[in-house]
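Shown next, in structure tokens, is the structure this report addresses.
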Amino acid sequence: MCIIIGKETQCHASCLTCSENSYCGNPYACTNCHPGDYKISPNFSDPNFKCSKECNGDPLQQGEYYYCDEHVEFSVTGIDTDVTTIKPSLLTYIPQIFKKLEMITNVDHFEKGEEIGGGTFSVGNLRGKPVAIKIARDEGRKSIHKELQIYDKVKHSNILPALGVHLGVDNMLFLTLRNFNLKDYFIDYGNKLDFRQLKQYCIQVADAMKYLHHKNILHCDLKIDNILVKDEDGEEIEISDFGCAIDLDLDHCNKFIGTQTHTAYEILKYRQNQSILTAASKASDVWSFAVTAWQILQKSYQLPSDFIKPEDIVRNYEAGKKLPIPATVAEDFWRYIILPCFDLHPKARPTMEDLHKSLIIKAIVAKLRAYFVFKTLSFQLTVNI
Ligand SMILES: Nc1ncnc2c1ncn2[C@@H]1O[C@H](COP(=O)(O)OP(=O)(O)O)[C@@H](O)[C@H]1O
Ligand SMILES: [Mg+2]
């Protein structure tokens, strides 16, 4: 298996996949195996890709790549991609990853349906294909420029794909149409979702956030209203709404303007006494992630009444009072993975990479535990019979 660590690729010592006729499935395919050139896998978008002939585990998707559970500890060390390290001529093989958003300049190419959400959103079509259209007028126009800037840089299986942008009388962003945001999905289908699925949602959000942070992008408005359900079965979700996002490489103002209930302690605190402007950071996104994880695990949009007003939130956290553990969650999961995200000192919080790794390892351990319990029970059953 080829492992990507930072921007380097290394070949796993026992790599069997990178042979003459079968590549390892990522655009950085190992240069050790194919000296002098980078290879693009013909299996790159093949969801059945297996990482090595050595292991027959199910493929597990992380970002753009597929690995099997057995090798997950290698693969979680970093999957960031940097286009500049791939020969430009090879980029044509993976246009879907790095293509910039289309500027739609012909108004005959799209049709707007009825406007909802106070005229900020409509279901319509783009060249005959159903799409969601985000419409921005007046003050809101700026947010579409921001979303364009971010969408030009990102592509991830847990980030809603944007299809194009129109900058005219109204500014419009064309997005892949989905049926639900997570807030509404919980209302309609919450009771069919078990802890395993909710944990998968947390892993998917963590994976997308880790990817954004690798690209030096802060989301700054993570909450369940900004997470959409991707498929009919409700197994996959996607982060959306980059109207408040910050590109640390390009933006000169890092002011956090997201939702109060999800705002990190240090930002709320210094908003209160106005003396120091506390900028948004990866750590403030980690705080918002933890509040969002609470909403996911609780299957609830509604936060406890004493965690809504900024002054209550600040007072609670200073006194050591945190959001209550959601009913269905194992105590050590909450205590060791989520609670550290609420540390008052941003530097003491885990990174999105740490969180993603901890969540995945927890999920694998749970799977193994279930497997051994099953094996033991079936053994006992056989002995009894
Ligand atoms: N691609 C989409 N498909 C279906 N509904 C969407 C889509 N994008 C957004 N929505 C709906 O519109 C709401 C507002 O969109 P969002 O991008 O969050 O804009 P805002 O900046 O107004 O919060 C979302 O909570 C969701 O219910
Ligand atoms: Mg929103």
Inset, instruction - Tell me, please, whether a residue that is in contact with a Pro (Cβ under 8 Å, 6 or more places away or on another chain) and either among the aliphatic types (A, V, I, L, M) or assigned to a helix (DSSP H, G or I) (or both) can be found in the range 116-127. - result: yes
Legend entry - Failed criterion for D184 (all others in (1) charged (D, E, K, R); (2) part of a helix (DSSP H, G or I); (3) in contact (Cβ under 8 Å) with a residue 60 or more places away in the chain hold): (3)
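This table checks each residue for (1) within 15 Å of ligand 2 (Cβ to nearest atom); (2) within 24 Å of N254 (Cβ to Cβ); (3) surrounded by 18 or more Cβ atoms within 10 Å (Cβ to Cβ).
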| residue | (1), (2), (3) |
| --- | --- |
| N181 | yes, no, yes |
| G190 | no, no, no |
| D194 | no, no, no |
| Y201 | no, no, yes |
| Q204 | no, no, yes |
| D231 | no, no, no |
| I237 | yes, no, yes |
Inset, instruction - Quick one: I227 ticks every box in (1) within 11 Å of the chain's Cα centre (by Cα); (2) more than 13 Å from ligand 2 (Cβ to nearest atom); (3) hydrophobic (A, V, I, L, M, F, W, C) except a single one, so which number is it? - result: (2)
Legend entry - Candidates I227, I237, I159, I144 - the one that is outside the structural domain of I325 (by TED's automatic domain parsing) and at pLDDT 95 or above: I159
Legend entry - Criterion violated by H166 - all others in (1) within 16 Å of ligand 2 (Cβ to nearest atom); (2) in a strand (DSSP E or B) satisfied: (1)
Inset, instruction - Determine which single condition D233 fails, assuming it passes every other condition in (1) in a loop (DSSP other than H, G, I, E, B); (2) in contact with an Asp or Glu (Cβ under 9 Å, 6 or more places away or on another chain). - result: (2)
Legend entry - Residue ID - surrounded by the most Cβ atoms within 10 Å (Cβ to Cβ), chosen from residues in the range 213-224 that are more than 16 Å from ligand 2 (Cβ to nearest atom) and in a helix (DSSP H, G or I): H213
Legend entry - Breaking point among (1) at pLDDT below 95; (2) part of a helix (DSSP H, G or I); (3) over 22 Å from L218 (Cβ atoms), for A327: (2)
Inset, instruction - Name the residue, out of I308, I296, I338, I361, that is at pLDDT 95 or above, surrounded by fewer than 16 Cβ atoms within 10 Å (Cβ to Cβ) and closer than 28 Å to Y185 by Cα. - result: I308
Inset, instruction - Could you please find all residues in the range 239-267 being buried (at least 23 other Cβ atoms within 10 Å of the Cβ) and in a strand (DSSP E or B)? - result: I239, I246
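The values are calculated or read from the model by the stated rules, or taken from the named source; none is laboratory data. Model, not experiment: these values are computed from the prediction. In this analysis, Cβ positions are derived from the backbone assuming ideal geometry, glycine residues included, and neighbour counts consider all displayed protein chains.
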